[in-house]
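Colleague: Okay, here's the structure, questions in a sec.
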Amino acid sequence: MNVIGYVGFVAVSVGIAASVRWVDPPALSHLSRRIGLASRKGWAIALVALLWVFLPILAGAAISEALAWVFGGAVACAGFYLATVAVSSWDEYRLLERVPYVSPEEVRTSGPNPLVATAGVPTPLTNEQITEFQTPFTGRPAVHTRWLIQRRETLGFRDVWRNSFEGTRSAEFELGGGVVRVTPGRHRVFNTREHTFTVDLDGHVPEPAATYLEAHPELPSPGSSDDTLRIVEEYVPSDEVVTVVGSVVQSDDPDVARIDSAPVDALLGTHGDNSQRADGKPEAVLIRGNPDEARTALHQRVYWLGRLGIALILVGQFVSFWFSSASLVLLVEDIVVLFVEFVSAVMDLLPLV
């Protein structure tokens, strides 16, 4: 049993993960929002994953056998990631399963169900809103965009992409010819489209990316340097059917209902933490596609990713033990010994209390 080595590897890994928070804050912020993961729960999952990954060391695997348990650990970490994505979508999946679907024309603020699911092709409230109905860097039609900007840097003998900025744009829109309005905000979004491209700041920067960069002083503007940027846009298209799930309230117009919030994620989500509403309530859930497509997308995300994640967690650990000198029997025996010693130490301290 190598308790010191086990604790040491876990501690070093936690330290490296914590340093990312200071070195690359946009990376954790983007990951948290993309998965829907609250900070404390994210760190708890990371700690559990590390304790699991390094178990072969506690079970007697030699440091010289790192190739085996490092590869197995990488597979297990991928499994933890997929399982977390699945669990973080569970609340929205159950919400979509239990709420009634009604067409936009049938949405009523006085109905028996304050929570509804409705769908339709979004339309802007006014012609002046067209800019908000586009992704900021490529001008693609969208009601919600989440983006990440990365800068290319040289690390040693190779180039790497370092996360620099991230943000969200959301537009207010109507469904059903204006009978339903959806409040903009940091929605929980699913089944989005994604577009990744690069721009050279010392070359031609296409519109509307050039205008957006120039209008935001916190971002590098065209011609300011010879940097290369990689921009990742995840968006919910506005020229396709979008399913909206949330609470119905009365708008200022008596003939128009508004969907502006949804129940907070009870499991892992950051839905309420990222809210832009004054009352802190989470915004409505947006899912690309009609209700049937939305249910299928969330079902696959919850069940198929969840099963695959659990399988990778177990397979990764199996690989680590099989191709190293780690012994499962020895691990169980050592855990029992440690537990007995812990209980004995506690019993010895009780008379002193």
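Colleague: From the protein chains alone at 1.4 Å, what is the descending order of accessible area for VAL70, VAL245, largest first? Show your work: numbers first, answer last.
Modeller: Working: VAL70 80, VAL245 0 Å².
Output order, biggest surface exposure first: VAL70, VAL245.
Colleague: Roughly how many nanometres apart are two label points built 7 Å out from the Cα toward the Cβ at THR211 and PHE318?
Modeller: Taking the two extended label points, one gets 5.6 nm.
Colleague: Which one, SER88, CYS77, ILE259, is farthest towards the positive end of the dipole of the chain when Lys and Arg carry +1 and Asp and Glu -1 on their Cβ?
Modeller: The Cα lying farthest towards the positive end belongs to CYS77.
Colleague: Could I ask something else about it? Report the charge-dipole magnitude of the range 116-234 in Debye, nearest 20, computed about the Cα centre from +1 at each Lys and Arg Cβ and -1 at each Asp and Glu Cβ.
Modeller: 520
Colleague: Same structure, new question: Per DSSP H run of at least 4 residues, take -39500 (n - 2.57); add these up for the chain, divide by its residues and hand me the 222 nm value, nearest 500 deg cm²/dmol. Each step should come with its number before you reach the end.
Modeller: On the way: 10 runs with 139 residues, N = 353.
Value at 222 nm, helices only: -12500 deg cm²/dmol.
Colleague: Give me the percent of accessible area attributable to carbon and sulfur for the chain, probe 1.4 angstrom.
Modeller: On the chain, the fraction of accessible area on carbon and sulfur atoms equals 61 percent.
Colleague: What accessible area, in Å² to the nearest ten, does a 1.4 Å probe give for ASP159?
Modeller: Counting only protein heavy atoms, the figure is 90 Å².
Colleague: Would you work out the relative contact order for the range 87-172, in percent, from Cα pairs under 8 angstrom that are 6 or more residues apart?
Modeller: Relative contact order of the range 87-172: 20 percent.
Colleague: Could I ask something else about it? Got the relative contact order for the range 98-251 handy, in percent, Cα pairs under 8 Å and 6 or more residues apart?
Modeller: 33
Colleague: How high is the relative contact order of the chain? Use alpha-carbon pairs under 8 Å, at least six apart in sequence, and give a whole percent.
Modeller: Details: 684 pairs, mean separation 92.0, N = 353.
In percent, rounded to a whole number, it is 26.
Colleague: Moving on. Heavy atoms only, 1.4 Å probe, whole protein assembly: order ARG151, ARG34, ARG40 by accessible area, highest first.
Modeller: The residues order as ARG40, ARG34, ARG151, largest area first.
Colleague: With unit charges on the beta carbon (Lys/Arg positive, Asp/Glu negative), name the residue among THR198, PRO104, LEU331 whose Cα is farthest towards the positive pole of the charge dipole of the chain.
Modeller: Projecting each Cα onto the dipole axis, the largest value belongs to LEU331.
Colleague: Where only protein heavy atoms count, and the probe is 1.4 Å, what is the accessible area per residue for the range 62-199 in Å²?
Modeller: I get 47 Å² per residue for the range 62-199.
The values are calculated or read from the model by the stated rules, or taken from the named source; none is laboratory data. Note that the coordinates shown come from a computational prediction; the quantities given were computed from them, not determined experimentally. We place every Cβ from the backbone using ideal geometry, glycine too, and count neighbours over all the protein chains shown. Surface accessibility is based on the protein's heavy atoms, side chains included, excluding ligands, DNA and RNA. Shrake-Rupley method; radii C 1.70, N 1.55, O 1.52, S 1.80 Å.
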